[in-house]
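Everything below concerns the one structure shown next.
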Amino acid sequence: MSKQWMFAGGSTIGRDHRIVPRNNQDGYHISAGGGCTVGVVTDGCSSGMHSEVGAKIGARLVTRAVRAEYADVGTVRRLRWRRIQGHILGTLY
């Protein structure tokens, strides 16, 4: 019997951001395939310019790096977090 999963994500502007007014500064990304599902949620920094962009990009970068590491090691228990961090930083620089 195969297991099937459905994923959904969403975000809305919070009360304080509606009052100021500010945009929604959250991000999320869900990626599934190759025996691995990764979901990442990010929270933008309200005081920073364009933090909503950083939150969305950050979620995608982390998801991509975790999936790549999983493809190398084949199990969550063997994930090398320093290598994941290096992959993300290498992408940024």
Could you please give the count of residues in the stretch 1-17 that are surrounded by 11 or more Cβ atoms within 10 Å (Cβ to Cβ) and either in contact with a Leu (Cβ under 9 Å, 6 or more places away or on another chain) or within 23 Å of I84 (Cβ to Cβ) (or both)?
1
Scan G39, G48, G90 and give me the residue that is of a type in the set (G, A, S) and either part of a helix (DSSP H, G or I) or on the phi > 0 side of the Ramachandran plot (or both).
G90
Take the residues in the stretch 34-60 that are out of contact with any Ser or Thr (no Cβ under 9 Å at 6 or more places or on another chain) and polar (S, T, N, Q), then tell me which one is least open to solvent (accessible area, probe 1.4 Å).
S51
So for the stretch 63-70 (the condition being open to solvent by 80 Å² or more (accessible area, probe 1.4 Å), part of a helix (DSSP H, G or I), over 22 Å from G14 (Cα atoms) and touching a strand residue (DSSP E or B) at 6+ places or on another chain (Cβ under 8 Å)), does at least one residue qualify?
yes
For the stretch 18-33, check the following and say yes or no: at least one residue is at pLDDT below 90, surrounded by 14 or more Cβ atoms within 10 Å (Cβ to Cβ), over 13 Å from the mean Cα position of the chain (by Cα) and in a helix (DSSP H, G or I).
no
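The values are calculated or read from the model by the stated rules, or taken from the named source; none is laboratory data. Note that the structure is a prediction, hence the values are computed from the model and not measured. Backbone-built Cβ (ideal geometry, glycine too); neighbour counts: all protein chains shown. The protein model used for the area step is the full one, side chains on, heavy atoms only, and it has no ligands, DNA or RNA in it. Shrake-Rupley method; radii C 1.70, N 1.55, O 1.52, S 1.80 Å.
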